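Below you'll find the structure, written out as structure tokens, and then a few comments.
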Amino acid sequence: MHAADIGIIFDMDGVLIDSIPHFEKSFNHVFQEHGVSVAELNQHHGDIFSGHSLREILDLAYQSHGLSLNIEEVSAKANAVFMDIVAMTNVVADPALVRLLSELQGNQAGLAVASNSLRHRVRKIVEFLRLDPYFKAVLGVEDAALPKPHPDLFLAAAEMIKVKPERCIVFEDTAGGIAAAKAAGMKAIGYTRFSTQTDRLTDADRLAGSFSELTIHDLFALLNT
């Protein structure tokens, strides 16, 4: 079976890695230097990490607490703490995900990661998980004019892996990510294993609580529905 005309695009946080708990700890470290906690920001804005880009998170911090922070400095500090936490907790890639990626790659499907995080962070985590050999493209928020829920990032990913949008499937864990995939004309799978928005993934073409639930035949069949 060959799938050279099929693209599978993965969000990173909440899909490739259960990052929200580590996210909160790392950003708490940064925000507390300025007298604000993640819990306080969540009280004002809901879950600030679900589907928001770093720029949007910092905008929310400015709106409610008047914090004016440099995005590059915050990213560098938070990412350093994040990677330390991930390393100490021995985070590894889901074996079922690795199996699926291996099968897809073996059948010549185009594979990409597209995240609202900054590209250098996305690359670092993909490499840490030892998943980089599988992906033809790894995109961050700066690779598109507009972040999710706009379709730009997924359209850019499809272009980089040279697959038509209508032949792509996206794995996402947030409502904004699902909306971006659908706006791009792609099929969307709501990945619920780590999602905090399971009840808001109703626009997905199907839901999956684990990569072990899916075979490449399931993915190919989804494109034909």
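The values are calculated or read from the model by the stated rules, or taken from the named source; none is laboratory data. As the structure is a prediction and not an experimental result, all values here were calculated from the model. In this analysis, Cβ positions are derived from the backbone assuming ideal geometry, glycine residues included, and neighbour counts consider all displayed protein chains.
If GLY46 satisfies all but one of (1) closer than 22 Å to ALA175 by Cα; (2) modelled with pLDDT of 90 or more; (3) of a type outside the set (Asp, Glu), what's the number of the condition it fails?
All conditions are met except number (2).
So, ALA78, is that one crowded, with 18+ Cβ neighbours inside 10 Å, at negative phi and assigned to a helix (DSSP H, G or I) or not?
Working: crowded, with 18+ Cβ neighbours inside 10 Å: yes; at negative phi: yes; assigned to a helix (DSSP H, G or I): yes.
Yes, satisfied.
Please specify each residue of the range 47-75 satisfying the condition of being hydrophobic (A, V, I, L, M, F, W, C) and within 22 Å of LEU146 (Cα to Cα). Outline the logic, then answer.
Looking only at the range 47-75, we keep the residues that are hydrophobic (A, V, I, L, M, F, W, C), and these are 48-49, 54, 57-58, 60-61, 67, 69, 71, 74.
Selection gives ILE48, PHE49, LEU54, ILE57, LEU58, LEU60, ALA61, LEU69, ILE71, VAL74.
Counting only residues that are small (Gly, Ala, Ser) and touching a residue at least 24 places away in the same chain (Cβ under 8 Å), which one in the range 209-218 is nearest to ILE48 (Cα to Cα)?
Taking the range 209-218 first, the residues small (Gly, Ala, Ser) are 209-210, 212.
Imposing the further condition that a residue be touching a residue at least 24 places away in the same chain (Cβ under 8 Å) reduces the set to 210, 212.
Working: SER210: 24, SER212: 29 Å.
Among those residues, the one meeting the criterion is SER210.
Considering the range 81-111 alone, what residues qualify as being in a helix (DSSP H, G or I), without any contact (Cβ under 8 Å) to a residue 24 or more places away in the chain and not hydrophobic (A, V, I, L, M, F, W, C)?
Across the range 81-111, the qualifying residues are ASP84, PRO95, GLY106.
Would you check if there is a residue in the range 183-198 being out of contact with any Phe, Trp or Tyr (no Cβ under 9 Å at 6 or more places or on another chain), without any contact (Cβ under 8 Å) to a residue 40 or more places away in the chain and of a type in the set (A, V, I, L, M, F, W, C)?
Looking through the range 183-198, none of the residues is out of contact with any Phe, Trp or Tyr (no Cβ under 9 Å at 6 or more places or on another chain), without any contact (Cβ under 8 Å) to a residue 40 or more places away in the chain and of a type in the set (A, V, I, L, M, F, W, C).
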